[in-house]
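A.B. asks: Before I ask anything, let me first share the structure, which is written out below as structure tokens.
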Amino acid sequence: MFLGGIAAGYAGSGFGAGRLLQSKVPRRRLNGKMSYQIFAALVGETFTLTQAKGEGQYRARAQLLEANTVFLSAENDQFYLVFELDDNQTPPNGVYRLRHATAGSTRLFLQPMGNDMPGNCCRAEFNLLL
């Protein structure tokens, strides 16, 4: 009987148990369903912003400075993101491709923040029905 208890305890900590625990950890993927939790986990990370413009293409590195909630519920995520750009030129309002080395990519509508924050910052607003 004692031996059976050891075997059961060992089986609960094996490969299958690790797989069960991993499934409960939220994934940080940008090319799926958007949520505040995804971006909150990426604060401080560096991204690449691109936008095709006529003959050229706008490209800049951006750091996600903030992910701020406005309202969160089971049905609705309202939040905004603040990015600081390495580029000296603030891009105009528009849709940009946002790429992260491991989290993938998505498209965001970005707008310059003007003098609201020091540095060269943009903001993305989200009002998502989940």
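The values are calculated or read from the model by the stated rules, or taken from the named source; none is laboratory data. The model shown is predicted, which means the values in this text are computed figures rather than measured ones. No Cβ is skipped: glycine too gets one built from the backbone with ideal geometry, and neighbour counts run over all protein chains shown. Remember, those area values only see protein heavy atoms, side chains included, never the ligands or the DNA or RNA. Shrake-Rupley method; radii C 1.70, N 1.55, O 1.52, S 1.80 Å.
A.B. asks: Determine whether the stretch 87-98 contains at least one residue that is open to solvent by 20 Å² or more (accessible area, probe 1.4 Å), part of a strand (DSSP E or B) and more than 13 Å from S35 (Cα to Cα). Step through it out loud before you land on a result.
C.D. replies: Of the residues in the stretch 87-98, the ones open to solvent by 20 Å² or more (accessible area, probe 1.4 Å) are 87-90, 92-93, 95, 97.
Applying the additional criterion that residues be part of a strand (DSSP E or B) yields 95, 97.
Now drop any that are not more than 13 Å from S35 (Cα to Cα), which leaves 95, 97.
Looking through the stretch 87-98, at least one residue is open to solvent by 20 Å² or more (accessible area, probe 1.4 Å), part of a strand (DSSP E or B) and more than 13 Å from S35 (Cα to Cα).
A.B. asks: Given the structure, is R61 at pLDDT below 80 and closer than 21 Å to R97 by Cα?
C.D. replies: When the stated conditions are applied, R61 does not pass them.
A.B. asks: Here's another thing I want to ask about it. Any residue that is assigned to a strand (DSSP E or B) and open to solvent by 70 Å² or more (accessible area, probe 1.4 Å) - is there at least one of those in the stretch 45-53? Full working, then the answer.
C.D. replies: Of the stretch 45-53, the ones assigned to a strand (DSSP E or B) are 46-53.
Still in the list and also open to solvent by 70 Å² or more (accessible area, probe 1.4 Å): 52-53.
Yes.
A.B. asks: Follow-up. One residue is enough: does the stretch 99-107 have a residue meeting the conditions more than 16 Å from the chain's Cα centre (by Cα) and of a type in the set (D, E, K, R)? Steps first, answer last, please.
C.D. replies: Applying the first criterion (more than 16 Å from the chain's Cα centre (by Cα)) to the stretch 99-107 yields none.
The answer is no; no qualifying residue exists.
A.B. asks: I would also like to ask the following. Could you list, in sequence order, the residues of the stretch 97-130 that are aromatic (F, W, Y) and within 16 Å of L65 (Cβ to Cβ)?
C.D. replies: Kept after step one, since they are aromatic (F, W, Y), are these residues of the stretch 97-130: 109, 126.
Of everything in the stretch 97-130, just one residue is aromatic (F, W, Y) and within 16 Å of L65 (Cβ to Cβ), namely F126.
A.B. asks: Checking K24 against (1) open to solvent by 90 Å² or more (accessible area, probe 1.4 Å); (2) at pLDDT 90 or above, which test does it fail?
C.D. replies: Only one criterion in (1) open to solvent by 90 Å² or more (accessible area, probe 1.4 Å); (2) at pLDDT 90 or above is unmet by K24, namely (2).
A.B. asks: Of all residues in the stretch 72-86 being open to solvent by 40 Å² or more (accessible area, probe 1.4 Å) and assigned to a strand (DSSP E or B), which is farthest from D116 (Cα to Cα)?
C.D. replies: The selected residue is L72.
A.B. asks: Quick check on T69: is it surrounded by fewer than 16 Cβ atoms within 10 Å (Cβ to Cβ), outside any strand (DSSP E or B) and under 16 Å from the mean Cα position of the chain (by Cα)?
C.D. replies: Working: surrounded by fewer than 16 Cβ atoms within 10 Å (Cβ to Cβ): yes; outside any strand (DSSP E or B): no; under 16 Å from the mean Cα position of the chain (by Cα): yes.
The answer is no for T69.
A.B. asks: Search the stretch 102-130 for residues that are over 20 Å from I38 (Cα atoms) and of a type in the set (A, V, I, L, M) and pair each with any residue that is open to solvent by less than 50 Å² (accessible area, probe 1.4 Å) and outside any loop (DSSP other than H, G, I, E, B) when their beta-carbon atoms are under 9 Å apart and the residues are at least 6 apart or on different chains.
C.D. replies: If the second residue must be open to solvent by less than 50 Å² (accessible area, probe 1.4 Å) and outside any loop (DSSP other than H, G, I, E, B), the pairs left are M113/V82; M113/C121; M113/C122; M117/V82.
A.B. asks: Which of the residues spanning the stretch 99-111 are surrounded by 13 or more Cβ atoms within 10 Å (Cβ to Cβ) and in contact with a Leu (Cβ under 9 Å, 6 or more places away or on another chain)?
C.D. replies: Selection gives R99, H100, A103, G104, S105, T106, L108, L110.
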